[in-house]
Ligand SMILES: NC(=O)c1ccc[n+]([C@@H]2O[C@H](COP(=O)([O-])OP(=O)(O)OC[C@H]3O[C@@H](n4cnc5c(N)ncnc54)[C@H](O)[C@@H]3O)[C@@H](O)[C@H]2O)c1
């Protein structure tokens, strides 16, 4: 097949390389000339994706994968499957800004228009109308009400006749994309039955054999179902974490260890409770429940889970306040007033240099609301980078309190004497060597785990 991938980011580039490894002829398109140059030099533009560098070296060298910044020309040259996966950027309230998606889809439409004008057909080598598939996660209805109409309007061609528009949510985990592409069923939803089936056939050819036989490609009976599936997966996780967080707060109130409770509950096969934590950050889990709610505003569970999860940074600050009131020279009504508190970790999760919806922002806000002075450190960010994020960098001087926000591997071995002055710790991710801290005379509380026991 001839395949075009539009947007060579953390998802699109591995997808393009995977298609090329499977023997397809692939053109990858990106508006960033630097990304295009690196790919054409066989060099990965970002680290951390298992197998990507080797795949690029192999497939670029023999011409199976070529990158370009000219999406219009790539599409006009003819393709069977056009996968579009730019980011759908959201604002602080998770409302989508469609710029990148609209621009990418517009360029594909212009390419189709040009091909049709020059060749009298939009078909690629397989002779059928090409499939244009947005893989970016979108609110339900976007393929039918936004992507399809835009493709028609900007190309002057007909959906279902000159091309098929479809949605196939990308569900892989960055870092292990090649592995996931071979294992997860690929979900496809079209705007009509023919387009959906035609697109699914192309994905079957694209993905080929996995370790357990042909990779399953599942048609879902409409783009809406495919869109909703991705929102269901992510919203389920947010709700599950929300429940774990409520359990943790209840465990704190009654003096039991939530970790032991969750492990015990999950020891039978119908219970899959996730883990509590100080914050739910990242591009997906805090965002997609809001996409879900935009389509189903009456839904109560996603809204409740969002509220519970968003309250956790404030809860961690409250815990620290109780601890400092207890161990401080005197108990006061505002135990954090004037106290310096170090937040460890700006990244939303360990080992990634990303702060999208990171808990660090709400922690700093809650600390300021409690009249404390937050400072932040992260092994992946220098002081200037923290400053650019509006986060006050820690200068290494004494602090009264500490909250662990990110599960960076470095924190497992963090020694208490590395943080001068610290009198109380809330380990929001349960990563510290708690015994070492307690042995050094510094009390530590993990969320839901360390309230005084009933016996
Ligand atoms: N990152 C993940 O873990 C993940 C997992 C599953 C699904 N997704 C989905 O994939 C989407 C993309 O995520 P990502 O992590 O690859 O993004 P990214 O930020 O790594 O890369 C985006 C790329 O798109 C390019 N781009 C932007 N506008 C373009 C345009 N008009 N034409 C061509 N290229 C353009 C950028 O230059 C950049 O190279 C997300 O919005 C999400 O829906 C991401």
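Readers should treat all values here as calculations from the given coordinates under stated rules, not as data from a laboratory. Everything numeric here is computed off the predicted structure, so don't read it as measured data. Please note: Cβ atoms are built from the backbone with ideal geometry, for glycine as well, and neighbour counts cover all protein chains shown.
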For the range 350-455: span of alpha carbons on each principal axis (Å, largest first): 48, 29, 26
Peptides ranked, highest mean first, by Cβ atoms within 10 Å: ranges 400-412, 170-182, 198-210: 400-412, 198-210, 170-182
Label model pair residue 54, residue 117: point-to-point distance (7 angstrom along the Cα→beta-carbon line) in nm is 4.5 nm
Once you put a point 7 Å from the Cα of residue 438 and another 7 Å from the Cα of residue 184, both along the Cβ direction, what distance in nm separates them? 3.9 nm
How much length is gained on full extension from residue 273 to residue 34, taking 0.36 nm per residue of separation minus their Cα-Cα distance? 81.7 nm
What is the order of 284, 364, 29, fewest Cβ neighbours within 10 Å to most? 284, 364, 29
In what order do 237, 43 fall by count of nearby beta-carbon atoms within 10 Å, going from fewest to most? 43, 237
Debye sum, Cα scatterers, the chain, no solvent: what log₁₀ I/I(0) at q = 0.06, 0.11, 0.14 1/Å? -0.32, -0.92, -1.23
How high is the FRET efficiency between residue 204 and residue 145 when r is their beta carbon distance and R₀ equals 25 Å, given to the nearest 0.05? 0.35
With only helices counted (DSSP H, runs n ≥ 4, each -39500 (n - 2.57)), the per-residue ellipticity at 222 nm for the chain, to the nearest 500, works out to -12000 deg cm²/dmol
In this structure, the FRET efficiency calculated for residue 385 and residue 158 from their beta-carbon separation, with R0 = 51 Å, to the nearest 0.05, is 0.55
Going by how many other Cβ atoms sit within 10 Å of their own, how do 138, 83 line up, fewest first? 138, 83
Can you give me the Cα centroid spacing of the range 286-361 and the range 439-455 in angstrom? 19 Å
Among beta bridges assigned by DSSP with both residues in the chain, the antiparallel ones amount in percent, to the nearest 5, to 15 percent
At a Förster distance of 45 Å, what's the computed FRET efficiency of residue 89 paired with residue 455, Cβ-Cβ distance as r, to 0.05? 0.30
